[in-house]
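Everything below concerns the one structure shown next.
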């Protein structure tokens, strides 16, 4: 015959939640909070990815602004050059000479330069003596962008 002896303790067995990774038992409360969060490595990797993406977006934005400025200039410059050329055609032939200026407050940063030059051509003969070449150059931001229109005009002296 064997006798079994049961021992009773006044302490209750520990009740709680055992952490799945560390194995540490946490006391059970009425409100249970799941263990969650990001590790330092995950945060660093996320920040590195964001840095790479933001640098690419910044570079793309910078290129877009540069291309927009160039497109605006090459759209506006021919109109301004034709306007200045029309003003020159309205002047008498004596007053057309090298000159420069800007287009005022309507077109800030835009400037213009007019240069005239005699044309010499054997094919035209004597007619080339009265022929002048007039160049109108429109610039933006102190020659950052440049656009030139050329006109040939008969000018009697």
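The values are calculated or read from the model by the stated rules, or taken from the named source; none is laboratory data. Please read all numbers here as calculations on a predicted model, not as lab measurements. Every residue, glycine as well, gets a Cβ built from its backbone with ideal geometry; the counts of neighbours run over all protein chains shown.
The number of residues in the range 90-134 that are under 39 Å from the mean Cα position of the chain (by Cα) and modelled with pLDDT of 80 or more comes to 20. Here residue 41 passes the criteria (1) at pLDDT 90 or above; (2) closer than 28 Å to residue 140 by Cβ except the one numbered (2). When residue 72 is tested against (1) loosely packed, with under 13 Cβ neighbours inside 10 Å; (2) under 15 Å from residue 135 (Cα atoms), exactly one condition is not met: (2).
Taken as a whole, the structure leaves residue 16 outside the set of residues that are touching a strand residue (DSSP E or B) at 6+ places or on another chain (Cβ under 9 Å), modelled with pLDDT under 95, surrounded by 11 or more Cβ atoms within 10 Å (Cβ to Cβ) and within 25 Å of residue 113 (Cβ to Cβ). Restricted to strands (runs of 3 or more DSSP E) entirely inside the range 83-140, those with at least 1 residues that are free of Cβ contacts under 8 Å to residues at least 12 places away in the same chain, surrounded by 11 or more Cβ atoms within 10 Å (Cβ to Cβ) and on the phi < 0 side of the Ramachandran plot are 99-102.
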